[in-house]
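The structure appears below as C-alpha cells.
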Amino acid sequence: MSVLSVHDLAVETEHARLVDGVSFSVKARRTLGLVGESGSGKSVTCLSVLGLPPRGVRVTEGHILFDGDDLRAKTPAELNALRGREIGMILQDPMTSLNPLLTVGRQITEMFRYRDGMTSRKEREARAIELLRRVRIPAPESRLHSYPHQFSGGMRQRVAIAMNIACNPRLLIADEPTTALDVTVRLQILDLLREVQAERGTAIVLVTHDLHLVRRYCDDVAVMYAGRIVEQGPVGDVFARPRHPYTKGLLGAVPRLRGPQRRLTVIPGQPPLPGSIAQGCRFAPRCPGARADCMSAYPATRTIDTHRSVACFHPEPDERTAEALLMTATS
Ligand SMILES: Nc1ncnc2c1ncn2[C@@H]1O[C@H](COP(=O)(O)OP(=O)(O)O)[C@@H](O)[C@H]1O
Ligand code: SF4
Ligand SMILES: [Mg+2]
C-alpha cells in the first residue's frame, strides 16, 4: 500500500484554481520527483498535502490519504501531531522550520522533551549531539550552543534534516530543499536523505527543478504544468521516452553535464497564470504539436505502458528522443 496517495486534488483561491485534478502516490522506500517550471503548483500541492495551504488558498476537492487515512478529515490539532512525528517536511528555506531565537541545541532538546517526554537534560543533549553528528555537523558538542544564523545555509539545512530524522517520519516532503545550496552540498544533503530513507523506509516527495537530481535520486517522476500533472511514471522510462511535449521540452532544456554543450531548447513563452486558460490544453499556446482539437477540451490523463500516464491528445511517438538519449548518456 502507498504511504501517501493523493486523488484528484483541487486547490483554489477565491479567484482561480491553482491545482487541478492532481493524483499521485508514493510507496515506502520510494522517492517521487515533482518537477515543472516555477509557478506550476508544486509548492501549493506539497503545502496542501501537509495541511498547511498558503493564506487565502484552500483544498476544495480530492483525497489525501496517508496510510489510507484521509488527512482532509483530520482536525488541525491531529494534523499538527502527525507533522511532528509521522510526516516530515523540509522546505527551501530552513529558517522557516527553525526558531531564530533559540540555539540549535535547545530546539532539538525541547523537541525530545515535549515529544518524547525525555526528562533528563543530559540524555537529551547526548541524543542531540548524536543526531548532529549523524548529519555530519562538525564539532556537534560546541555547535549545540550556536544560533541558526551562525550556521551556513547548508548546515542549517542539515539541522532541519536532523530534526526530521529524529521524528522518524514515514513520509517526508522536501520542497526544493537544496536549491539555495551549492552543488557539492546539494548532493551531500540528498545522499543523506537517501541514507535515512534506506534505513527507515521513508516515502519521499522531492520537489526540484533540477532534472539531474531527479535522475539520480527519484524512482518516479510527476511533471506539473499550470496546476496539472501532465506526465507521470518511472524516471528511466519517462526520461528515455518522454510522451508529453512539455516533458520533452523540459528535457531538451537540460544542460549537459559533460561533453560538448549543445544549444539549449528552452521552451519559448511563459506558463499561463492560474485561471487564465478557460478551455483546452493549457500547454497549447507553447506546444509545437498543438492542433485544432487541443483547444476544445482539456486532454484527459491516460494510462500508457501500465505504469505511466500522460495528459495529451497527441503524445510524442513512443521512441527514444535525441534529448533523452543525451540526458541518459550524460547523467
Ligand atoms: N497564497 C497565494 N495566493 C494566491 N495565489 C498563490 C498563492 N500561493 C501561490 N499562488 C499561485 O499559485 C501558483 C502555484 O504556485 P507554487 O505552488 O508556489 O508554484 P511552484 O512551487 O511550482 O513554483 C502560482 O501561480 C502562484 O502565483
Ligand atoms: S494536447 Fe495538444 S496542445 Fe496539449 S500538449 Fe498535447 S499536443 Fe500539445
Ligand atoms: Mg515552489
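The values are calculated or read from the model by the stated rules, or taken from the named source; none is laboratory data. Note that this is a predicted model, so its numbers are computed, not measured. Here the Cβ positions follow ideal geometry from the backbone for every residue, glycine too, while neighbour counts run over all protein chains shown.
Points to keep in mind about this one:
- Looking only at segment 34-80, residues that are under 11 Å from VAL6 (Cβ atoms), hydrophobic (A, V, I, L, M, F, W, C) and in a helix (DSSP H, G or I) come to 3 in all.
- Considering residues of segment 1-33 that are among the β-branched types (Val, Ile, Thr) and within 15 Å of ligand 1 (Cβ to nearest atom) only, the residue nearest to GLN279 (Cα to Cα): VAL19
- Pairs where the first residue, in segment 106-133, is more than 17 Å from PRO148 (Cβ to Cβ) and the second is among the hydroxyl-bearing types (Ser, Thr, Tyr) and surrounded by 14 or more Cβ atoms within 10 Å (Cβ to Cβ), C-beta under 9 Å, 6+ apart: MET118/THR109; ARG121/THR109; ARG124/THR109; GLU125/THR109; ARG127/THR109
- The single condition from (1) touching a helix residue (DSSP H, G or I) at 6+ places or on another chain (Cβ under 9 Å); (2) within 16 Å of ligand 3 (Cβ to nearest atom) that LEU273 fails is (1).
- Here segment 281-305 is the region considered, the condition is being closer than 18 Å to SER23 by Cβ and of a type in the set (S, T, N, Q), and the residue that is nearest to ligand 1 (Cβ to nearest atom) is THR301.
- Matching residues, segment 38-89, being touching a residue at least 60 places away in the same chain (Cβ under 8 Å), at positive phi and more than 16 Å from ligand 3 (Cβ to nearest atom): ASP67, GLY68
- Filter result for the condition that a residue is in contact with a Gly (Cβ under 7 Å, 6 or more places away or on another chain), within 23 Å of ASP219 (Cβ to Cβ) and assigned by the TED database to the domain that holds ARG170, over ALA16, ALA28, ALA10: ALA28
- Selection from segment 42-85 of residues that are closer than 27 Å to GLN107 by Cα and among the small types (Gly, Ala, Ser): SER43, SER48, GLY51, ALA77, ALA81, GLY84
- In segment 195-211, the residue that is nearest to ligand 1 (Cβ to nearest atom) out of those that are buried (at least 16 other Cβ atoms within 10 Å of the Cβ) and outside any loop (DSSP other than H, G, I, E, B) is VAL207.
- Any hit, segment 160-179, residues being among the polar types (S, T, N, Q), part of a loop (DSSP other than H, G, I, E, B), in contact (Cβ under 8 Å) with a residue 60 or more places away in the chain and away from ligand 3 (no atom under 16 Å from the Cβ): yes
- Filtering segment 266-294 to residues that are within 8 Å of ligand 2 (Cβ to nearest atom) and among the aliphatic types (A, V, I, L, M) leaves ALA284, ALA290.
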